[in-house]
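Structure first, then comments.
The values are calculated or read from the model by the stated rules, or taken from the named source; none is laboratory data. Please read all numbers here as calculations on a predicted model, not as lab measurements. Here the Cβ positions follow ideal geometry from the backbone for every residue, glycine too, while neighbour counts run over all protein chains shown. Ligands, DNA and RNA are excluded from the accessible area calculation, which covers all protein heavy atoms including side chains. Shrake-Rupley method; radii C 1.70, N 1.55, O 1.52, S 1.80 Å.
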Amino acid sequence: MYGFCGNNGVDKYDLLGNSFWDGIIEAARNFWRTDGVAVFQSHGWYWGATFLVHSLQDHPSQWNFNESSSFVTELKTHSAYKNMIRQIIKEQTLVYKTYNKEFSPINYNSGDMEVTVGNAEVYLSGGICKPTRRVDLDILITDTYDFHFRWFAPTSFKNDMLLIGNTLARLDQITGAIVPYPWTAKFKDKGKY
């Protein structure tokens, strides 16, 4: 009858009933720390696992990555990033254009970055020379690590396991087991595309 207080209503009490939800949240976090991370790592999604673990706390801090981080290296070498830069060069109408914090969206749709980067915004400062296809840019990528349905359409998943996993993660985000947090990556890109 007094299960909510360990059958000891005198010494253990929870007038608001929060201990029940705290137990649910901790159980969900333990599931993601063990089983969720194991699934991510079995697919080679090491950044996805790292970002997930960081979200399994009450107040995760914002993460900021710089030029020397291996995360930035992974972002820059991914085909989605290279294709974004090539598309900007292709659509450019001037021989040389100077950018000043202009926005360009990016969507990583494969590999580790697909489960890490949701709906990133990319801000560009610097210049691009169209004839030589050379860039000299300062890049700022911002995103929020979360499992919001607006970022994940069921048709975008390559298999049912990803769809089920994302749905479970979204439900755990609603309960507070997974807590969204912002991240940024700031780096230079100088070279030819």
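Data for the structure
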item	result
Residue satisfying condition, being within 25 Å of Trp45 (Cβ to Cβ) and in a strand (DSSP E or B), within set Asn109, Asn64	Asn64
Segment 113-151, residues that are of a type in the set (Asp, Glu) and under 23 Å from Gly191 (Cβ atoms)	Glu121, Asp136, Asp138
Qualifying positions in segment 167-181 - surrounded by 16 or more Cβ atoms within 10 Å (Cβ to Cβ), closer than 21 Å to Phe20 by Cβ and modelled with pLDDT of 90 or more	Asp172, Gln173, Ala177, Ile178, Val179
Candidates Thr93, Thr73 - the one that is open to solvent by 60 Å² or more (accessible area, probe 1.4 Å), within 17 Å of Phe51 (Cβ to Cβ), without any contact (Cβ under 8 Å) to a residue 12 or more places away in the chain and not in a strand (DSSP E or B)	Thr73
Residue among Asp146, Asp136 that alone is within 18 Å of Lys76 (Cβ to Cβ) and among the acidic types (Asp, Glu)	Asp136
Gln92 vs. criteria farther than 30 Å from Val39 by Cα, modelled with pLDDT under 85 and not aliphatic (A, V, I, L, M)	yes
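Residues checked against (1) open to solvent by less than 20 Å² (accessible area, probe 1.4 Å); (2) in a strand (DSSP E or B); (3) touching a helix residue (DSSP H, G or I) at 6+ places or on another chain (Cβ under 7 Å); (4) modelled with pLDDT of 90 or more:
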position: Lys97; (1), (2), (3), (4): no, yes, no, no
position: Tyr123; (1), (2), (3), (4): no, yes, no, yes
position: Pro131; (1), (2), (3), (4): no, no, no, yes
position: Arg150; (1), (2), (3), (4): no, no, no, no
